[in-house]
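Shown next, in structure tokens, is the structure this report addresses.
Read the figures in this text as sums done on the coordinates, not as results from a lab. This is a predicted model, so every value here is computed, not measured. Backbone-built Cβ (ideal geometry, glycine too); neighbour counts: all protein chains shown.
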Amino acid sequence: MKIVDSPGFQSKVEATTLQLVEGLKAEAKKASVVFSAQSIGSMFGVYFRAAPPASFAEVMQCDKERFNRFFHAMLARGVYLAPSAYEAGFVSAAHGAAEVDATLAAARECFRQGTP
């Protein structure tokens, strides 16, 4: 608890989460993949739709099959995301620039190969 309560702890984790989310959106855009993502604190969601959903009805419009292909393609590259299109992912204090860079490299490969 001392680590979590230390000055700057939460802002560092939030910054790492934002770096991941913005990087994923940028990689998808470069590959012309319809994709969106959002985060709050250390929690994030990824969606195969033009904008993050704002309602349950919009969540149901996300391309679940594309998410499933993306999840498995990322897993094959050593990146474990939340396994359901309806689940949130979390960044921890153990995640840093190296992990974000590796995740973005895997996503770049998936997006460019048309995996999702």
Restricted to segment 21-42 and to residues being among the small types (Gly, Ala, Ser), outside any helix (DSSP H, G or I) and out of contact with any Ser or Thr (no Cβ under 8 Å at 6 or more places or on another chain), the residue nearest to residue 113 (Cα to Cα) is 31
Restricted to segment 37-47 and to residues being among the hydrophobic types (A, V, I, L, M, F, W, C) and under 11 Å from the mean Cα position of the chain (by Cα), the residue surrounded by the most Cβ atoms within 10 Å (Cβ to Cβ) is 46
Flagged pairs (Cβ under 8 angstrom, 6 or more apart or on separate chains; first in segment 94-115, closer than 15 Å to residue 15 by Cα; second of a type in the set (S, T, N, Q)) are 95/16; 96/16; 97/16; 97/19; 100/16; 100/19
Just one listed residue, out of 53, 7, is surrounded by 13 or more Cβ atoms within 10 Å (Cβ to Cβ), more than 13 Å from the chain's Cα centre (by Cα) and in a loop (DSSP other than H, G, I, E, B), and it is 53
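The rows are residues; the columns are (1) touching a Lys or Arg at 6+ places or on another chain (Cβ under 6 Å); (2) hydrophobic (A, V, I, L, M, F, W, C); (3) within 18 Å of residue 82 (Cβ to Cβ); (4) touching a residue at least 60 places away in the same chain (Cβ under 8 Å).
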{"residue": "17", "(1), (2), (3), (4)": "no, no, yes, yes"}
{"residue": "31", "(1), (2), (3), (4)": "yes, yes, no, yes"}
{"residue": "41", "(1), (2), (3), (4)": "no, no, yes, no"}
{"residue": "44", "(1), (2), (3), (4)": "no, yes, yes, no"}
Across (1) surrounded by fewer than 17 Cβ atoms within 10 Å (Cβ to Cβ); (2) of a type outside the set (Gly, Ala, Ser); (3) within 30 Å of residue 7 (Cα to Cα), residue 34 clears everything bar (3)
